[in-house]
Amino acid sequence: QVQLVESGGGSVQAGGSLTLSCAADEPTTSSTKYCMGWFRQAPGKEREGVAMIYTGGGFTHYATASVKDRFIISQDNAKNAMRLRMTSLKSDDTAMYYCAAFSPLRGTGVLQCAEMGKYQYWGSGTQVTVSS
């Protein structure tokens, strides 16, 4: 079982910025690579993918067209940690944001990092509220 530690949510006015962080709580000696992603769920709506990254490098994906020019996902200095820099926030971005991860089997490729159904480990979520 991998514990995911999220931070960085909050309230901001439209046009503002926030950075979300997520780290896998595991020994620093671990060599496991993960698909890690951010997903969000607004009240009354289904959970949707936002952005995903492979901690072994070489893959990032933005699952929601509306965030492509405003959000940047990146790997943190720690091996299995990531950040989501969100800029030009809109009221439509208001949601609970969840960090998730899974470790793809060796040789199965990283394109699966874009598939929400593959994600095995989930954080408890961090709220992002954008006021207009």
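The values are calculated or read from the model by the stated rules, or taken from the named source; none is laboratory data. Since the model is a prediction, treat every value here as computed from it, not as a measurement. Glycine also receives a Cβ, built like all others from the backbone with ideal geometry; neighbour counts cover every protein chain displayed. These area figures cover heavy atoms from the full protein model, side chains too; ligands, DNA and RNA do not enter into them. Shrake-Rupley method; radii C 1.70, N 1.55, O 1.52, S 1.80 Å.
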Those residues that are over 18 Å from residue 50 (Cβ atoms) and open to solvent by less than 60 Å² (accessible area, probe 1.4 Å), I need them from segment 98-132; list them, please.
103, 104, 109, 131
Answer with yes or no whether residue 16 is open to solvent by less than 50 Å² (accessible area, probe 1.4 Å), at pLDDT below 95 and part of a loop (DSSP other than H, G, I, E, B).
no
What residue, among those in segment 33-54 that are open to solvent by 20 Å² or more (accessible area, probe 1.4 Å) and in contact with a Ser or Thr (Cβ under 9 Å, 6 or more places away or on another chain), is modelled with the lowest pLDDT?
33
Out of all the residues in segment 81-127, which are hydroxyl-bearing (Ser, Thr, Tyr) and under 18 Å from residue 64 (Cα atoms)?
87, 88, 91, 94, 97, 98, 119
Return the pair list, or none, for Cβ contacts closer than 6 Å from residues in segment 55-81 that are part of a strand (DSSP E or B) and buried (at least 16 other Cβ atoms within 10 Å of the Cβ) to residues that are at pLDDT 90 or above and among the charged types (D, E, K, R), at least 6 apart or on different chains.
62/68; 72/85
